[in-house]
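Data block below; observations after.
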Amino acid sequence: MISNNSYYHGNTIYYNGISGEEYRVEVTIFAEDASGSDSRTQTFYVTA
């Protein structure tokens, strides 16, 4: 999943977890241009 020169990019990933269980999801976004690069990581907790 690579996107160039985009302000917005979305994606959906499905996981068949066990009903009632809590899962940790880590999302990392990375961007790079001629000036350098940057990234952000955010953690979410979801219940199946």
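Here is a check on your reading of the model: is Tyr45 surrounded by 10 or more Cβ atoms within 10 Å (Cβ to Cβ) and modelled with pLDDT of 95 or more?
Here the answer is no, as Tyr45 does not meet what is asked.
Matching residues to (1) touching a Ser or Thr at 6+ places or on another chain (Cβ under 8 Å); (2) not in a strand (DSSP E or B):
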position	(1), (2)
Gly10	no, yes
Ile13	no, yes
Asn16	no, yes
Tyr23	yes, no
Thr28	yes, no
Glu32	no, no
Asp38	no, no
Phe44	no, no
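Output yes when any residue across the stretch 1-15 is surrounded by 10 or more Cβ atoms within 10 Å (Cβ to Cβ) and at pLDDT 85 or above, and no when none is.
Within the stretch 1-15, none of the residues are surrounded by 10 or more Cβ atoms within 10 Å (Cβ to Cβ) and at pLDDT 85 or above.
So which pairs qualify, if the first residue must be in the stretch 26-43 and more than 19 Å from Ile13 (Cβ to Cβ), the second must be modelled with pLDDT of 90 or more, the Cβ gap must be under 7 Å, and the two must be at least 6 apart or on different chains?
Note: pairs meeting the criteria are Ala31/Ser37; Ala31/Asp38.
The values are calculated or read from the model by the stated rules, or taken from the named source; none is laboratory data. Treat the numbers as computed from the prediction; the structure is a model and nothing was measured. Every residue, glycine among them, receives a Cβ derived from its backbone with ideal geometry; neighbour counts consider all protein chains shown.
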